[in-house]
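Worksheet for the structure shown next.
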Amino acid sequence: MKISTRAGLAEIYERADIHSLPIDPLAAARSLGIKTVSYKIISEYYHITFEELYRKSLWGFSFLEGEFPVIALNESACGERRRRFTAAHELGHCVLGHLRGRNLESAEREANRFAADFLAPLCVIEQCGVRSVAGVARLCGISESAAEIRLRELRDGNFRRDSRISEQFSGFIVRYFQ
Ligand SMILES: [Zn+2]
């Protein structure tokens with residue numbers, strides 16, 4: 001599947017068939033037709049040493065192989081939550097159309113924003129009624145520091161309540177209260 005650039009979050013959840021939290025960013029990438037590979041595979045396939053890969057990034061990066069986006073992840077990087085965030089961040093680069101452009105600082109900010117929004121959709125957290133840092137971290141599979149930021153954004157109320165996203169997660173939200 002060819003992915004459109006700058007697809008909205010709701011569209012991505014729909015196309016990747018995501019209906020519940022925590023979100024598996026690698027499974028989502030694969031559903032969107034994005035290849036995901038480990039550093040070991042990249043190293044063998046492209047004859048690149050691990051040192052060169054680590055110099056590029058300790059966690060992961062993404063690139064175009066011909067027309068097709070590929071996410072490379074350091075499978076030995078510590079922390080499951082860190083790896084999930086990296087995968088979501090790289091997915092952001094792929095779906096936001098960053099792979100064709102230069103690696104600008106704004107692209108990094110946008111990919112971080114995407115990862116936070118993608119892994120921890122505020123309208124779903126709000127509807128699940130979770131209001132503690134530990135609760136949000138557990139619900140979304142994100143770090144406590146990331147959860148703290150999300151909770152602050154939730155309290156500020158300065159976010160878009162997307163009915164398509166609420167619809168997409170409606171079954172999960174209902175089950176959450178059972
Ligand atoms: Zn990046």
The answer for trypsin sites (Lys or Arg not before Pro) in segment 70-110 that fall in a DSSP coil and have at most 14 neighbouring Cβ atoms within 10 Å is Arg102
Under the Karplus relation 6.51 cos²θ - 1.76 cosθ + 1.60, θ = phi - 60°, what is the ordered set of whole-Hz ³J(HN,Hα) values for segment 19-34, x standing for Gly and Pro? 10, 8, 9, x, 8, 8, x, 6, 4, 4, 4, 5, 4, 8, x, 9
Which value in deg cm²/dmol, rounded to the nearest 500, describes the helix-derived mean residue ellipticity at 222 nm for the chain, given -39,500 (n - 2.57) per DSSP H run of n ≥ 4 and division by the residue count? -16000 deg cm²/dmol
Most positive-pole-ward Cα, Ser170, Cys94, Pro69, against dipole of the chain from beta carbon charges: Ser170
Long-range amide H partners of Val37, meaning residues 5 or more apart or on another chain whose placed amide H is closer than 5 Å, are Ile71, Ala72, Leu73
Return one number: the angle in degrees, 0 to 90 and rounded to the nearest 10, between the long axis of the Cα atoms of helix 144-156 and the longest principal axis of the Cα atoms of the chain. 50
3J(HN,Hα) from dihedral phi, segment 170-175, Karplus parametrisation 6.51/-1.76/1.60, rounded to Hz, x for glycine, proline: 4, x, 5, 5, 4, 5
Based on other C-beta atoms within 10 Å, arrange Leu122, Leu91 from fewest to most. Leu122, Leu91
Working from the pairwise distances between different alpha carbons, so that the mean of 1/r is found and then inverted, what is segment 1-144's Kirkwood radius in Å? 15.7
Based on DSSP, what percent of beta bridges with both residues in the chain are antiparallel, to the nearest 5? 60
Enumerate the calculated ³J(HN,Hα) couplings along segment 87-98 in order (Karplus 6.51 cos²θ - 1.76 cosθ + 1.60, θ = phi - 60°), each rounded to whole Hz, writing x wherever the residue is Gly or Pro. 4, 5, 4, 5, 4, x, 4, 5, 7, 8, x, 7
Over what distance in Å are the Cα centres of segment 70-87 and segment 105-178 separated? 20
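Rule-based calculations on the coordinates, nothing more; no lab input. Please read all numbers here as calculations on a predicted model, not as lab measurements. Virtual Cβ from ideal backbone geometry, glycine too; neighbours counted across all protein chains shown.
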